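Only one structure is covered here, and it is reproduced in the block below.
The values are calculated or read from the model by the stated rules, or taken from the named source; none is laboratory data. None of the values given here were measured: they were computed from a predicted structure. Quick reminder, even Gly has a Cβ in these numbers, built from the backbone with ideal geometry, and neighbours come from all protein chains shown. For accessibility, only protein heavy atoms count, side chains too; no ligands or nucleic acids. Shrake-Rupley method; radii C 1.70, N 1.55, O 1.52, S 1.80 Å.
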Amino acid sequence: MPKPSQFDAVVIGAGFAGLYALYKLRSLGLKVKVYEAGSGLGGTWYWNRYPGARCDVHSLEYSFQFSEALQQEWIWSEKYAPQAEILEYANHVADRFDLRKDIQFDTRISALTFDDASNLWIGKTQARETFSARYCIMATGCLSVHNVPDFAGMADFQGQLLHTGQWPHEPIEFHNQEVGIIGTGSSAIQAIPIIAEQAKQLTVFQRTASFSIPAHNAPMDQEYERNVKANYKEFRQHNSQRYAALNNNPSHVSALEVSEEERREIFEQRWQEGGLPFLASFNDLGTEQEANNTAVEFVHGKIKEIVKDQDTAELLCPKTVMGCKRLCVDTDYYKTFNRDNVSLVDLNTSPIQRITQNGIQTSDREYRFDALILATGFDAMTGALLAIDIRGVANKSLAEHWENGPANFLGLTMSGFPNMFMITGPGSPSVLANMIVGIEQHVDFIADLITFMQKNEKFRVEANSESEANWVKLVNSIADKTLFPTGCNSWYTGANIPGKPRIFMPYLGYPSYVEKCNEIAANDYRDFEFS
Ligand code: NAP
């Protein structure tokens, strides 16, 4: 048997979180190894190569800030960067900081077991390679386990079956093809307008309509870029004080305080600006049903203006609270339904009965497809962690620890799982904030904690169970003040995966989260136990 490799820290995943964790922990003088399941780095941006994939956060914000030289030298071509450019950026970061030599690709971790006697994590890869490490950094991603619904007959389909989150690397062409797509979340909403331009016929199967705001994407405004780059540090600092660490110009006014005419003007202005900041049009869209209704009504009006066939428009009008699912950001999504070669099927009135060898059998009829695309999302936030057999103190499994939902402290650690850290885990702002900003904050926190341990000659750290229970309560109590936990069935609550415990997973509010982390660090990591 080959001897297990020994590291100070292993990082699981080579997306943005894994790359920065490697860079930072290496700078502490640690021997670090990154294991990555894919054949390349980039995480989300490596796997999600579907047509139209691009970020919904402005390029000058969705990027690392740890290196001033890096943020000055990289040139983004568009306001919202396309997937290929973000992937190129991730590769540039890896090369620029010589990270690649410590990343092992094509390696999926199957088990991580904590050894109480040595205070080490013992890991196993699917290829049965073994390793040990003092620290385990789970940079496994929030949206990295794709969800394939359990449709009857899935294996029967004879055409091309695709999932947006596992898109092939070779170019896929839909010219002259009959194409079906299941799902109308962010991925589908980006892909549909582009596939519609190629396909002979595109049929969209919708269960729940999503709210989508136009991106108004454009080539990067050079003057804006110059201004940001001239004061990048201040720009980042300013954004870090915002609710989601985004430069979204939040309003301090209630939607119910202004006249109907003024409200309409404000919504119209935000619609014209486009993107996620639409939700910041007023300060109570996420907390007051009546305020939220005004935004819903405005967007319904837009959909009915854009989509000519009013039956289709009505189906496309979401009936849920706006923002309780991730807001989608699109280019010509609603307009696409005016095309003769695009049709919408309402799965509530015509449910899918099975997948057939030709396509989809709904309660109404059989649809025949050359290609069938699943845009059915992910087992979000916990899926990638639970896919590994993680066992902490006394061999307790993470699955057991999370039986009733992802118990954690700060979204960073779990009691009973010493020296294991999650990056943007459940219980952290993660998907409800600028992910790269969150990643840097988490990794910096962990690096400071490890430095503290080294200085104080501690070998083991974990959250105590009381702080963990209090944290879960806090995350929920914040969410419960909003319309989001109950306003729809979203992946934020695990509702998209049958049998998954229903609990609102992200922490709402980036700056207050960081204040809490800083306060804990300043108090010698109060709420953590060291030995
Ligand atoms: P998603 O938002 O979870 O959407 C999945 C879609 O599939 C939903 O419309 C869902 O319907 C449908 N679906 C799932 N299971 C189904 C079933 N059994 N039968 C019929 N329909 C089913 O997934 P996503 O679009 O991949 O997006 C996930 C997240 O990734 C986004 O919320 C966003 O955070 C991120 N993302 C971001 C970008 C960007 O930056 N622009 C782009 C893509 C994705 P129901 O709603 O009824 O469950």
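Mind listing just one residue for me: the one in region 206-243 that is aliphatic (A, V, I, L, M) and within 12 Å of the ligand (Cβ to nearest atom) and, of those, surrounded by the fewest Cβ atoms within 10 Å (Cβ to Cβ)? The extreme case among them is ALA209. For region 322-346, filtering for residues that are over 26 Å from the mean Cα position of the chain (by Cα) and part of a loop (DSSP other than H, G, I, E, B) leaves 5. In region 425-458, the qualifying residues are those that are away from the ligand (no atom under 16 Å from the Cβ) and assigned to a loop (DSSP other than H, G, I, E, B), and the one that is surrounded by the most Cβ atoms within 10 Å (Cβ to Cβ) is GLY427. Could we say that ALA188 is farther than 17 Å from TYR46 by Cα and outside the structural domain of GLN361 (by TED's automatic domain parsing) here? No, not satisfied.
Restricting region 65-106 to residues that are within 22 Å of ARG236 (Cα to Cα) and among the β-branched types (Val, Ile, Thr) leaves a set whose member that is most open to solvent (accessible area, probe 1.4 Å) is ILE75.
Among the residues making up region 33-60, a single one is part of a strand (DSSP E or B) and either buried (at least 24 other Cβ atoms within 10 Å of the Cβ) or small (Gly, Ala, Ser) (or both): VAL34. Flag set for PRO171, criterion: outside the structural domain of TYR80 (by TED's automatic domain parsing) and loosely packed, with under 15 Cβ neighbours inside 10 Å.
Taking the condition exposed (fewer than 15 other Cβ atoms within 10 Å of the Cβ), at pLDDT 95 or above and either within 27 Å of the chain's Cα centre (by Cα) or in a strand (DSSP E or B) (or both), does LYS319 pass? Judged against the criteria, LYS319 is a match. The number of residues in region 467-493 being part of a loop (DSSP other than H, G, I, E, B) and farther than 30 Å from ASN247 by Cβ comes to 1. Taking the criterion of being free of Cβ contacts under 8 Å to residues at least 40 places away in the same chain and open to solvent by less than 10 Å² (accessible area, probe 1.4 Å), the only residue of region 371-403 that qualifies is LEU398.
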